[in-house]
Amino acid sequence: MGEEAEIRTAKEAADHELVLAFGRLQGAANRLEYILGRALEEECGISHLVFEVLLILGRAGEPGLSMRAIAQEQVLTTGGATRLVDRMEAAGLVERAEDPADRRGRLVRLTPLGEETAVRASVVHVENIKRYFVRPLPEADRKRFAEDLRILSHTARDLLPRLP
């Protein structure tokens, strides 16, 4: 895998082991996100993206997070994060509060309904992760695979530009 790629045709490009490996990773991620996201929508009435924001806010705790921090965590524009939070606020999942460190700033935090929804959705999500993500893998490889994904995720995150 360390050698320079000798690709002379589209067929060789399509059959290259690294292209195939990355395609499989991307395909698996897309399919699993669809399967797990659909289960969250059907069983909990929320999208996977809303669930992710609930988790981000739950991890952050009080006093909450700025819109910019939410956008950065989800690789969204600040406008996209604002629209998402607007919908979540209308559903009673989050609320905006004054930033104690910046009188002009606003922070987003979970409401009691948001907390309850995050917990209920997490139970569903964990069971589906076990079913579709963990059980298909050989038991001996599961911990190493999870660690490899953490490394890839953090490396990619660190390469992304930070929002101003």
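The values are calculated or read from the model by the stated rules, or taken from the named source; none is laboratory data. For clarity, every value in this text was computed on a predicted model and none was experimentally measured. What goes into the accessible areas is simple: the full protein's heavy atoms, side chains included, and nothing from ligands, DNA or RNA. Shrake-Rupley method; radii C 1.70, N 1.55, O 1.52, S 1.80 Å.
Quick check on the chain: helices-only [θ] at 222 nm, where DSSP H runs of length 4 and up contribute -39,500 (n - 2.57) each and the sum goes over total residues. Nearest 500, please.
Working: 7 runs with 104 residues, N = 164.
-20500 deg cm²/dmol, from helical runs alone.
Per residue, how large is the accessible surface of the chain? Use a 1.4 angstrom probe and give square angstrom. Show your work: numbers first, answer last.
Details: 11560 Å² over 164 residues.
Roughly 71 Å² per residue, with all protein chains present.
Taking θ as phi - 60°, what are the ³J(HN,Hα) couplings along the stretch 36-42 by the Karplus curve (6.51, -1.76, 1.60), each to the nearest whole Hz, with x for Gly and Pro?
5, x, 5, 5, 4, 5, 5
Enumerate the calculated ³J(HN,Hα) couplings along the stretch 19-34 in order (Karplus 6.51 cos²θ - 1.76 cosθ + 1.60, θ = phi - 60°), each rounded to whole Hz, writing x wherever the residue is Gly or Pro.
For the stretch 19-34, the Karplus-derived couplings read 5, 5, 4, 5, x, 5, 4, 5, x, 4, 4, 5, 5, 5, 4, 5 Hz, x marking Gly and Pro.
From the phi angles alone, apply the Karplus equation (6.51, -1.76, 1.60; θ = phi - 60°) to the stretch 51-57 and give each ³J(HN,Hα) in whole Hz, x where the residue is Gly or Pro.
Values, residue by residue: 4, 4, 5, 4, 5, 4, 5 Hz.
For the chain, which whole-number percentage of the solvent-accessible area (1.4 Å probe, protein heavy atoms only) is attributable to carbon and sulfur atoms? All intermediate terms of the calculation are to be shown ahead of the outcome.
Details: 6440 of 11560 Å².
Reported share for carbon and sulfur atoms: 56 percent.
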